[in-house]
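Quick notes on the structure that follows.
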Amino acid sequence: MNNVKMSRKFIYSVAMPFAMMFAAFLTNALVACSDGKSVAGGASEEETGIYALTGRVDAAARMAIMSDSTDLPNTLSVKPGTVVRVSELDSISLDMTGLVFVDTISDSNGHFGFENLLLNSPYVRISVFNPDSLDYCQPWGSPFDGNESCADSLTGTYVPELTAIVDLRVSKNIEVNVLTLMKVPVLRSYVAAGMPFAEAEKKAERDILESHGIYKEFGPFETPQSECDDEFIRVKEFISTVHEDVIMYYMGDTSAILWAFEDYIKRYMSIPRAAYSSSEENKALYEKIVSYLELETGFIAEYQGLGQCKDSREGESVPYKEYELVCLSGKWKMQYKGIEFTSGTMVDNRDGKSYKTVTYNIGGKPQTWMAENLNFYESNLHESTGCLAGDEFACEVNGRLYEWQAAMNMDRNSMKVFLALPESDTVFLDDKCKSMIEDLNKCTFIETSNCGEKRRESEKYCKSLYPEGILTMLGEGDAYWKWNYADYLSQSNVMSYQGVCPDGWRLPNQRDWKTLFEYVTGQGVTFAALADEVATGFNMKSLVLIRDDENWLKYEPSFVAVPDIEKGYGQSGYSSAVSMGGCSVRVDGECLVSASYRYDFASTFYSVRCLKNE
């Protein structure tokens, strides 16, 4: 019976405590194998002795592992008055004998202690009760969980929140946590099937770890956190989070937490690793994030029935939604499905900077893009450009941000902004008002100070000049301001507009972005895969600036595009959701490619990807 194996698909399949679910499953699997003579620890006699036990209740069973923090503290405290009960267990059946010792936790750190425990058996069950944390009464009810129930006289009307079973000859200082709770029914099931206690304990722990896609042995689940390495601590946090999220938040629906994991993995696929290189603390944060991504991917792979990623399976790839689960170096990795491309490099002769490139063969014609955002600046460059939040390091990570006019290398002073009202003559926008409103674009992106004051001053000045209901740039009215785009763009240059790009390269227009979009999606690959350098070579990352573990900025990438004036819209302009021809390419797969000739004051700063003239 030592080869009994649990079903991977069984995990969290219904909305009931995991420990009870596991026990119910294993009861049917093991009861037929038990001969009624199982002996815990392989002994047949009671072992009377005096024992001592100290420990701690892990109040932070559910750690915020998806938060961006390098710290691993307990984020919750144990309420003083929490009851800890030690119950002696029969050394053969592990049933409660009725001998009980009780301690009340007096501090918020969850420490408890028992001295001079005179016992006939070294096996005990530790149960933790916090009556105020539950507002209902639920019987424990499992035949493998002893006699604790709603009617327990020592603890009022509440079931234990956390439990553990230990051999006091081996365990003298312990931690009671979610993993020990999960282990109790599995351990009892294996003991009932005739397995010695020590062997049953290891097998129970191994089964629980493997059910979460973790094929590595650590110490006993009761090992105090102070004695665990970082990897074991994160494994504990991860399993605790899965257990409590599935049971408490997703009502037993495992697919919900799978979706949450997929979203988390997708999120970090779009963040450049270089964003974490600004300090040793941020480098440690990145390693922590990677470890959780690996745990979550392993859980997804296990839930899909893939089993362990072994050396013999190196490189094996299994389709999973829009992704692939790939066995690499002993761990399952989730990545986007790939497309064919050729990687290369180019040098901007203006400043000597080198950029990665990627070439796609689209309909027999090459299309070569920069695979990094442009980071070029010179003093005579028209209009505003800068680094995210004014931090020069962000330019190294994300490339430079450009106003649309700056990317097009247009002088804003020569741009005429007007409003044609049906009941009056054409209204031209006051230069000072225009300048004040445009300065607001810098807020948040390349400047973060005095934004509120700038907005108040611009509203006061501009509203004094124009009738109510026409200041669209201030969030009011239905009219749209136009600009003299025809002075800059024509059908002859829309396909070769260099703008801020190096010689031999040009700004992509809307049709270029659309062509790329259709090429990628036409091969059954989501457009979001452009964030995955391995899958597509494009390396379209989010804009990220990490200042410290509690304060960082993240924006979905938006790129400049030249308006497609060949569509034939008149000079009166054509309005759309895309600001001044900008193509907002988002990692969620949306790309807005319609033309836009309105002057949109809500426009932001953009990244630039240049396209090779071919």
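The values are calculated or read from the model by the stated rules, or taken from the named source; none is laboratory data. Model, not experiment: these values are computed from the prediction. When we count neighbours, we look across all protein chains shown, and the Cβ atoms used for this are built from the backbone with ideal geometry, even at glycine. All accessible areas refer to the heavy atoms of the entire protein, side chains included, with ligands and DNA or RNA removed. Shrake-Rupley method; radii C 1.70, N 1.55, O 1.52, S 1.80 Å.
Solvent exposure of the range 160-306, expressed per residue, is 34 Å² of accessible area, with all protein chains present and a 1.4 angstrom probe.
Give the carbon-plus-sulfur fraction of the accessible surface of the range 185-334 in %, rounded to a whole number; probe 1.4 Å, heavy atoms of protein chains only. Could the numbers behind the result be given before it?
Working: 2950 of 5920 Å².
Heavy-atom surface of the range 185-334 belonging to carbon and sulfur, 1.4 Å probe: 50 percent.
Backbone geometry of the range 497-514 corresponds, through the Karplus equation with coefficients 6.51, -1.76 and 1.60 at θ = phi - 60°, to 3J(HN,Hα) couplings of 6, 6, x, 8, 6, x, 4, x, 10, 9, 6, x, 9, 5, 5, 4, 5, 5 Hz, x marking Gly and Pro.
Can you tell me which of 387-400, 525-538 comes out highest on packing, and rank the rest after it, using the mean Cβ neighbours within 10 Å? If you can, show how the numbers build up before the last one.
Working: 387-400: 20.1, 525-538: 22.1.
Ranked from most to least packed, the peptides come out as 525-538, 387-400.
Farthest towards the positive end of the charge dipole of the range 321-415, among the residues Gly386, Gln335, Trp404, is the Cα of Gln335, using unit charges on the Cβ of Lys, Arg, Asp and Glu.
Listed by chain and number, the lysines placed with their C-alpha closer than 26 angstrom to that of Lys172 are Lys79, Lys183, Lys202, Lys203, Lys216, Lys236; residues fewer than eight positions away on the same chain are left out.
With a sphere of radius 15 Å drawn around the Cβ of Lys356, what net charge do the other residues whose Cβ falls strictly inside it have (Lys, Arg +1; Asp, Glu -1)?
Details: positive: Arg273, Lys353, Lys541, Arg609, Lys612; negative: Asp348, Glu372, Glu396, Asp532, Glu533.
Around Lys356, the surrounding residues sum to 0.
Compute the length gained on full extension between Arg350 and Glu324: take 0.36 nm times their separation in residues and subtract their Cα-Cα distance, giving the result in nm to one decimal.
Details: separation 26, 0.36 × 26 = 9.36 nm, distance 4.05 nm.
Net length gain for the segment: 5.3 nm.
Annotation: peptides 193-201, 223-231, 97-105, ranked by per-residue average of other Cβ atoms within 10 Å with the highest first, follow the order 193-201, 97-105, 223-231. What lysines does Lys432 reach when the alpha-carbon gap must be under 30 Å and sequence neighbours fewer than 8 apart in one chain are set aside? The qualifying lysines are Lys416, Lys442, Lys454, Lys460, Lys463, Lys482. For the range 244-309, the Cβ-based charge dipole about the Cα centre amounts to some 280 debye (Lys, Arg positive; Asp, Glu negative; other atoms uncharged).
Positive contributions from Lys and Arg (+1) and negative ones from Asp and Glu (-1), summed over other residues with Cβ under 13 Å from the Cβ of Asp107, come out at +1.
Multiplying the residue separation of Glu396 and Lys460 by 0.36 nm and subtracting their alpha-carbon distance yields 19.2 nm. Here the spin labels are modelled as points 7 Å beyond Cα on the Cα-Cβ line, and at Val290 and Glu518 they lie 4.0 nm apart.
Label-to-label distance, Lys202 versus Asp107, with points set 7 angstrom from Cα along the beta-carbon direction: 3.5 nm.
Efficiency by 1/(1 + (r/R0)^6): what FRET value for Ser343 and Arg169, r their Cβ-Cβ distance, R0 = 51 Å, to the nearest 0.05?
It comes to 0.25.
Straight-line cross-link reach from Lys266 at under 17 Å between alpha-carbon atoms covers these lysines, not counting any fewer than eight positions away in the same chain: Lys288, Lys321, Lys333, Lys337, Lys541, Lys554.
Remark: the range 322-419 carries 43 Å² of accessible area per residue (probe radius 1.4 Å; ligands, DNA and RNA excluded).
Listed highest first by mean packing, meaning other Cβ atoms within 10 Å per residue, what order do 253-260, 293-300 come in?
Taking the mean over residues of other Cβ atoms within 10 Å, the ranking is 293-300, 253-260.
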